[in-house]
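Worksheet for the structure shown next.
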Amino acid sequence: MNYTMISVTARGFMLVLITAIQLIYIYCIIRMIHLKKYKWDLVFTVVMTAICFVFLQLMTMIQQKDFIPDSGLPLIVLWPAIILLLIYAIFQVYNITRWRRENLSAMSIKEAFDMLPAGLMYYSRGGVPIMINETMQGISHDLFGKWVYNAEAYWEEIKRSCREDEISDDKAIVESSEGKAYSFSRNLLHIKNVDVYELTAVDISDEYKLSRELAVSQERARGLNIRLKTLMGTIEYVTMNRELLNLKTSLHDNIGQCILIAKRYLYSPESIDKQRMLDFWRDNIHHLTNDEPEEWELPYYVISKEADRLGISLNIIGELPSESRLIPVVDAAISVHIGNTLKHADGTEATVAVKKKAEGYVISFTNNGRQPEEEIKEKGGLKNLRSQVESVGGKMEIISAPEFEMRITLPGVSS
């Protein structure tokens, strides 16, 4: 029996089967060429594909009655040939699949590239994407509602969407409208003497939320700390005033006792030890006539306590002016400097360097905070301070670059 003698349905089934086998062989050839493997297998597969193609053409022409060979394609030859072609095709598909599992190829790298949980993109100068994974495309669509076609424009849009404190030259953090946050990082690579940019993106939504909550907590704690230090300073002043009151009360009582002892001595001299009475009077008179000031009466005591309250380390280099007309001016200058160090420079140390000269004092004010980004404009405290300095015949100079310095020149006693 041959192919021409079987039913049309059977011939159609065999034709579909040989067509499917032909397509499998074409797939195997394409995969082998793409993988650049199986050199001899590729040759055998091409030969088998050619044989399959011959059978397919003969069966098609018989089906369409364009050509009927004398033998009519005996089934005893046709069926073994089809089965052999099918077995070899399945064997090659299995080999290709196994090789892909056990070896790295360009396709496997691309598949792994797309499966990365982080966004990754490589592009050349001019913004032409070389490789971009699905995660990066998804991030772009989440942030800007569109896919990436121009990488340079994409990076510029990322930078425009950042907060000022969350961007540097090659790093940025962008928050989406849905509350997600992505951290971007860009690197310049040199591959075969060609400049290629690498852009990565990582979902940091949880970390970003926690950092924001931490920043709010730190700000609240900073406010509470300042209030606590102010309260401690107030307690210190209350304690100081209470001790002063106790001192005055004690002195008042001692003087009252001296008067009572003296009165008793006038009435009955033999009942009082004269020497002890005189020593008692001398001690009380000494307290009244002693000119040595207490610690709280010393100049600049209050401003030093204010610095401690605000958490600013006040470093005094040299000897501050002791002239009564200059003390209020210098005290105000130190107060303004401490406030600016805390509020504008975010510093922790304020330094006051004093140079005493024949014609007066030169006082330099610096801090360890961040440097001003532009020229400082005098307003508020600095403006009022300049008026005070000039009112005593002094001069004030503000230096913004390269480092901040406030320099005040004050006249001495002889000036």
>> How tilted is helix 8-35 with respect to the longest principal axis of the chain? Cα atoms for both, answer in degrees (0 to 90, nearest 10).
In response: 40
>> Over all directions, how big on average is the projection of the convex hull of the alpha-carbon atoms in segment 298-411, in square nanometres?
In response: 6.6
> From the residues Leu245, Tyr94, Ser400, which one has its Cα farthest along the dipole of the chain in the positive direction, the dipole being from +1 and -1 charges on Cβ of Lys/Arg and Asp/Glu about the Cα centre?
Replying inline: Tyr94
> What GluC sites (Glu not before Pro) does segment 149-193 have in DSSP loop regions with at most 16 other beta carbons within 10 Å?
Replying inline: Glu178
>> For mean projected area of the Cα convex hull in nm², one of [x] 43.0; [y] 31.2; [z] 26.2 was computed from the structure I shared and the rest are decoys. Which label?
In response: [x]
>> At a threshold of 8 angstrom on Cα-Cα distance, excluding pairs fewer than six apart, so keeping six or more, what relative contact order does the chain reach in percent?
In response: 7
>> Among DSSP bridges having both ends in the chain, what percentage is antiparallel? Round to the nearest 5.
In response: 90
> Summing -39500 (n - 2.57) over the DSSP H runs of n ≥ 4 in the chain and dividing by its residue number, what mean residue ellipticity at 222 nm do you reach, to the nearest 500 deg cm²/dmol?
Replying inline: -19000 deg cm²/dmol
> For the chain, which span is the longest to avoid every loop-located (per DSSP) member of chymotrypsin sites (Phe, Trp or Tyr not before Pro) having at most 13 other Cβ atoms inside 10 Å?
Replying inline: 150-415
> Which log10 I(q)/I(0) values, to two decimals, does segment 109-203 give at q = 0.20 Å⁻¹ under the Debye formula with one point per Cα?
Replying inline: -0.97
> In a Debye calculation with equal point scatterers on the alpha-carbon sites of segment 365-415 and no solvent, what is log10 I(q)/I(0) at q = 0.13, 0.18, 0.19 Å⁻¹?
Replying inline: -0.36, -0.63, -0.69
> What does the charge add up to near Val216, with Lys and Arg as +1, Asp and Glu as -1, over the other residues with Cβ less than 14 Å from its Cβ?
Replying inline: +2
> Ranked by Cβ crowding within 10 angstrom, fewest neighbours first, how are Ser324, Ser250 ordered?
Replying inline: Ser324, Ser250
>> Rounded to two decimals, what is the ratio between the C-alpha radius of gyration of segment 1-50 and 2.2 N^0.38 Å?
In response: 1.53
>> Principal axis extents for segment 3-103, Cα atoms only, whole Å, descending order, please.
In response: 49, 20, 19
>> As I understand it, the value is the acute angle between the Cα axis of helix 205-267 and the longest principal axis of the Cα atoms of the chain; what does it come to in degrees, rounded to 10?
In response: 10
>> Using only Cα atoms and rounding to the nearest 10 degrees, what angle (0 to 90) does helix 134-144 make with the longest principal axis of the chain?
In response: 50
> Nearest 20 debye, what's the magnitude of the dipole of the chain about its Cα centre given +1 on Lys and Arg Cβ and -1 on Asp and Glu Cβ?
Replying inline: 1380
> Among the trypsin sites (Lys or Arg not before Pro) within segment 331-398, which fall in a DSSP loop and have no more than 12 other Cβ atoms within 10 Å of their own Cβ?
Replying inline: Arg370, Lys377, Lys379
> Of Ile21, Ile272, Ile167, which is the most mobile in a GNM of the chain whose springs link Cα atoms less than 10 angstrom apart?
Replying inline: Ile272
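Since every read-out is calculated from the coordinates, none of them should be taken as a lab result. None of these values were measured; they are calculated from a predicted model. Using ideal geometry, Cβ is built from the backbone for each residue, glycine included, and neighbour counts are taken over all protein chains shown.
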